[in-house]
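Worksheet: one structure, shown below.
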């Protein structure tokens, strides 16, 4: 022993940190154990160190803990003793955490995360290095862990944005024999088209005594998206052949089997599968004339072509008009062709209008106007989406080995309601019947019937309700209490969405220029009380286009 009471070891002696603690004084030894185990959890290296206990006035230097330097182990990462590195200027030094107290890095409770936090800042701070409770998380952040040798875990933060998971609860101290785990945060409810957030897991208790944290509850699933009828884009090709003008030029006077017959217009093309293309329009029928024709008994104009069906959200194509039939001298009956039918509408889209029947232009003979084509049916409305699933409940944390209860599992969130179906498409209007174009009127003409209006489309089915979230498993209980945590209840299944309203029926075509009546609106289906949404009601049929008299 040297003068002044300074104890100096021999220069060749090898002293480990744990050996030094065994020989040291109580307060300094406890601090040394905590810091050594936290910063060097693995096997500690041996090093040459001269031990000198001059006084107890200052056990630790007044420096920033962020430098990770333990004064008797040398600078961080060093295996030998030596002089301390240059001191950072106070003007640029980082703020120092207190040694003891709230937020103390050695002994003290960890700070709670601020409510306006984002990202990693939402995690609660850990308790002090030796003792202290973990801070609470916020906005889905984790709860802080307790101090190494004592302290409870902090509570996980609740999810705040739609569908955000709750944070896990913090654990009791790593080497603590006593302490409770923190509760997990609750998952946030989902929004439209967003599932519910999962509950956070409960934290584990101390190694021997303490209760496990409860798991957080899952958030409720969001409502399924309502059905949306897509907008039509583009149109498919018109039917070929298609004759020109209102009469169907060029007209024909070719006699076949005693009749002059015009050719029919071609059908319009259907929309391209996988697109929202509307159907093509039907071609116009060819006109027919008895002028300069060979001997014949009939003149019949060509029918209009049918309109193509819409793809996706495309509309049905309009039917083509029939050609005009002409016979100015007696000896042959004249018939107008039939108008083409309108194509069927795509998803929630309007059906095509029927083409007009062929009109007649006669002299001293008889004529019959052609019937108008029927309007195409409106398309079935888009179905509502399935409701979103509820979030799962968080698992409960384990209890201490000897005493304490396991944390209860969180309850699963309820499934979301199914989305509502979209309204069905409107039916196409019926085509007008053919009329007498003669001037002056000399013969007898019977007008053609107007085509029926197309039926309105069926409303879209309501979406199924979303599945409820699974309940969290309870945490393991202790040996003495044998009190495992209860499992959380599963969430309920969401209700079905409401079926969409049926589309409006198309207007019937005119007969002798007298319009037919409009169809009635179909009734919407109501959502079922269970899982499946209801189907929409069918649209009403269009008018028949009969004469008002």
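Look at segment 240-253: where a residue is under 18 Å from residue 280 (Cβ atoms) and a partner is modelled with pLDDT of 95 or more and loosely packed, with under 15 Cβ neighbours inside 10 Å, sitting 6+ places away or on another chain with Cβ atoms under 7 Å, you get 243/249.
The condition of being under 30 Å from residue 384 (Cβ atoms), modelled with pLDDT under 95 and either part of a loop (DSSP other than H, G, I, E, B) or out of contact with any strand residue (DSSP E or B) (no Cβ under 7 Å at 6 or more places or on another chain) (or both) does not hold for residue 477.
Within segment 401-424, being part of a loop (DSSP other than H, G, I, E, B), surrounded by fewer than 24 Cβ atoms within 10 Å (Cβ to Cβ) and touching a strand residue (DSSP E or B) at 6+ places or on another chain (Cβ under 8 Å) holds for one residue alone: 402.
Yes/no per residue for (1) part of a loop (DSSP other than H, G, I, E, B); (2) modelled with pLDDT under 95:
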site	(1), (2)
86	yes, yes
93	yes, yes
104	yes, yes
120	no, no
124	yes, no
136	yes, no
139	yes, no
143	yes, no
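Counting the residues of segment 244-260 that are outside any loop (DSSP other than H, G, I, E, B) and crowded, with 17+ Cβ neighbours inside 10 Å gives 4.
Tell me, yes or no, whether segment 150-172 has at least one residue that is outside any loop (DSSP other than H, G, I, E, B), farther than 20 Å from residue 206 by Cα and modelled with pLDDT under 95.
no
Per-residue answers, yes or no, for (1) within 14 Å of residue 239 (Cβ to Cβ); (2) in contact (Cβ under 8 Å) with a residue 60 or more places away in the chain:
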position: 310; (1), (2): no, yes
position: 313; (1), (2): no, yes
position: 331; (1), (2): no, no
position: 335; (1), (2): no, no
position: 340; (1), (2): yes, yes
position: 343; (1), (2): yes, yes
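Going through (1) modelled with pLDDT of 95 or more; (2) crowded, with 24+ Cβ neighbours inside 10 Å; (3) in contact with a strand residue (DSSP E or B) (Cβ under 8 Å, 6 or more places away or on another chain) one by one, residue 429 falls short only on (3).
In segment 106-118, which residues are more than 30 Å from the chain's Cα centre (by Cα) and either assigned to a helix (DSSP H, G or I) or free of Cβ contacts under 8 Å to residues at least 40 places away in the same chain (or both)? Passing the criteria: 108, 111, 114.
Report, by residue number, each residue of segment 344-372 that is assigned to a loop (DSSP other than H, G, I, E, B) and either surrounded by fewer than 24 Cβ atoms within 10 Å (Cβ to Cβ) or on the phi > 0 side of the Ramachandran plot (or both). Once the filter is applied, which keeps residues that are assigned to a loop (DSSP other than H, G, I, E, B) and either surrounded by fewer than 24 Cβ atoms within 10 Å (Cβ to Cβ) or on the phi > 0 side of the Ramachandran plot (or both), segment 344-372 yields 348, 363, 364, 365. In segment 481-524, the residue that is modelled with the highest pLDDT out of those that are within 18 Å of residue 353 (Cα to Cα), surrounded by fewer than 20 Cβ atoms within 10 Å (Cβ to Cβ) and within 41 Å of the chain's Cα centre (by Cα) is 518. Residues in segment 482-511 that are farther than 30 Å from residue 193 by Cβ and either in contact with a helix residue (DSSP H, G or I) (Cβ under 6 Å, 6 or more places away or on another chain) or part of a loop (DSSP other than H, G, I, E, B) (or both): 482, 484, 485, 486, 505, 506, 507, 508, 509, 510. Number of residues in segment 301-334 that are surrounded by fewer than 24 Cβ atoms within 10 Å (Cβ to Cβ) and under 14 Å from residue 359 (Cβ atoms): the value is 0.
Being within 30 Å of residue 433 (Cβ to Cβ) and in contact with a strand residue (DSSP E or B) (Cβ under 8 Å, 6 or more places away or on another chain): is that true of residue 329 here? Full working, then the answer.
Details: within 30 Å of residue 433 (Cβ to Cβ): yes; in contact with a strand residue (DSSP E or B) (Cβ under 8 Å, 6 or more places away or on another chain): no.
The answer is no for residue 329.
Residues checked against (1) surrounded by fewer than 24 Cβ atoms within 10 Å (Cβ to Cβ); (2) within 20 Å of residue 448 (Cβ to Cβ); (3) out of contact with any strand residue (DSSP E or B) (no Cβ under 7 Å at 6 or more places or on another chain); (4) modelled with pLDDT of 95 or more:
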{"position": "264", "(1), (2), (3), (4)": "no, yes, yes, yes"}
{"position": "276", "(1), (2), (3), (4)": "yes, no, yes, yes"}
{"position": "337", "(1), (2), (3), (4)": "no, yes, no, yes"}
{"position": "342", "(1), (2), (3), (4)": "no, yes, yes, yes"}
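The values are calculated or read from the model by the stated rules, or taken from the named source; none is laboratory data. Owing to the predicted nature of the structure, the values given are computational and were not obtained by experimental measurement. Positions of Cβ are generated from backbone atoms using ideal geometry, with glycine treated the same way; all protein chains shown enter the neighbour counts.
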